[in-house]
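K.L.:
Mind looking over this structure? Questions follow.
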Amino acid sequence: MSALSQLKTLYHLTLSPIRGETHQERLESFYSGQAEDYDAFRKRMLHGREELFAQLPVTPGAVWLDLGAGTGRNGELFGERLKDFHQAMFVDLSPSLLEVAKRRIRDRDWKNADTLHTDVTRLPHADASVDLVTFTYSLTMIPDWFAAVREAHRVLRPGGTLGVVDFYVARKYPASGRTQHSFFTRSFWPVWFSMDNVHPSADHLPYLTANFTPQYIAEHRGKLPWLPFIRAPYYQFVGKKA
Ligand SMILES: C[S@@+](CC[C@H](N)C(=O)[O-])C[C@H]1O[C@@H](n2cnc3c(N)ncnc32)[C@H](O)[C@@H]1O
């Protein structure tokens, strides 16, 4: 990624004002100027996606929905396993990011993959029709993320898998065995990320754990390109619908 591209993306992330009356307009205002450089830049800040995907089951003939899929980069993370899906669907509300996903599908000749432009809080899929749902760094950008998780639960078949990785902060008094965060961590990251309409929440992990049978939970911290001395907390969650 050239220095100029990096500066352009950094400008959109930090200084460029986000405008728009609706959620979709605000997403486009944020993403349209950085869609082409999205993958190269986010690789350095959206941690833990590779490890999450290494744990997710791919059964032949399965249907996978990637919700808030952006550029469809997650398709790469399954490697050869992607071919085993009956259908891989990249769902997003940002047309400019979906254009990159469409190009990727064409270039890679992923015959079983497609894109869907819709709000993931209102999916067109039938109840219990999906085997695997993923959200990678999308729940924090979905205003009604509770509705998005409810939709994931509705469309998953019993025994189906949900995989999530995202920024978060811990509750002041987290559940036993979960990581505790300092006052600074709990206060700083929600304010910092809110400038980009990203909202790390203390409720993701408790809500996911209450609605899906946990198979794997991990809590980590990762570097961000422009903040050298502190690391942002993120979690990985894999759960099954009962
Ligand atoms: C930080 S990006 C993550 C993209 C991708 N999952 C990744 O890991 O690179 C968040 C994505 O969520 C999408 N998004 C936010 N709200 C949405 C909604 N209500 N419905 C569908 N997509 C949404 C955005 O357009 C954006 O592509």
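K.L.:
Give the whole-number value, in cubic angstrom per residue, of the convex hull volume spanned by the C-alpha atoms of the chain.
P.N.:
119
K.L.:
Let me ask something else. Take the range 111-190, drop everything but the C-alpha atoms, weight them equally and run the Debye formula without solvent; then report log10 I(q)/I(0) at 0.12, 0.14, 0.19 Å⁻¹ to two decimals.
P.N.:
Ignoring solvent entirely, the Cα scatterers give -0.47, -0.61, -0.93.
K.L.:
Something else about it: Can you give me the long-range amide H partners of Asp119? Hydrogens built in the peptide plane at 1.01 Å from N, cutoff under 5 Å, separation of 5 or more residues or another chain.
P.N.:
none
K.L.:
Under the Kirkwood approximation for Rh and a Cα-based Rg, what ratio Rg/Rh is obtained for the range 183-242? Can you show the working numbers first?
P.N.:
Values: Rg = 13.5 Å, Rh = 13.0 Å.
Radius of gyration over Kirkwood radius for the range 183-242 works out to 1.04.
K.L.:
Positive end of the dipole of the chain, charges at C-beta (+1 Lys, Arg; -1 Asp, Glu), about the Cα centre: which of Gly72, Ala88, Ala175 has its Cα farthest in that direction?
P.N.:
Ala175
K.L.:
Would you tally the net charge around Ser138, using a Cβ to Cβ cut-off of less than 10 Å, leaving Ser138 out, and scoring K and R as +1, D and E as -1?
P.N.:
Values: positive: none; negative: Asp66, Asp92, Asp166.
Net charge in that neighbourhood comes out at -3.
K.L.:
For Thr22 paired with Lys43, estimate the spin-label separation in nm (one decimal), with each label point 7 Å from Cα along the Cα-to-Cβ line.
P.N.:
That separation, rounded to one decimal, is 3.4 nm.
K.L.:
Between the range 127-202 and the range 70-95, how far is it from one alpha carbon centroid to the other, in angstrom?
P.N.:
About 20 Å separates the Cα centre of the range 127-202 from the one of the range 70-95.
K.L.:
Still on this model: As an exercise, take the mean of 1/r over every pair of distinct alpha carbons in the range 146-231, invert it, and state the Kirkwood radius in angstroms.
P.N.:
Details: mean 1/r = 0.0687 Å⁻¹.
Final number for the Kirkwood radius of the range 146-231 is 14.6 Å.
Values in this text are rule-based calculations from the coordinates and carry no lab data. Just so you know, these numbers come straight off a predicted model, no measurement behind them. Note: ideal-geometry Cβ built from the backbone for every residue, glycine included; neighbour counts use all protein chains shown.
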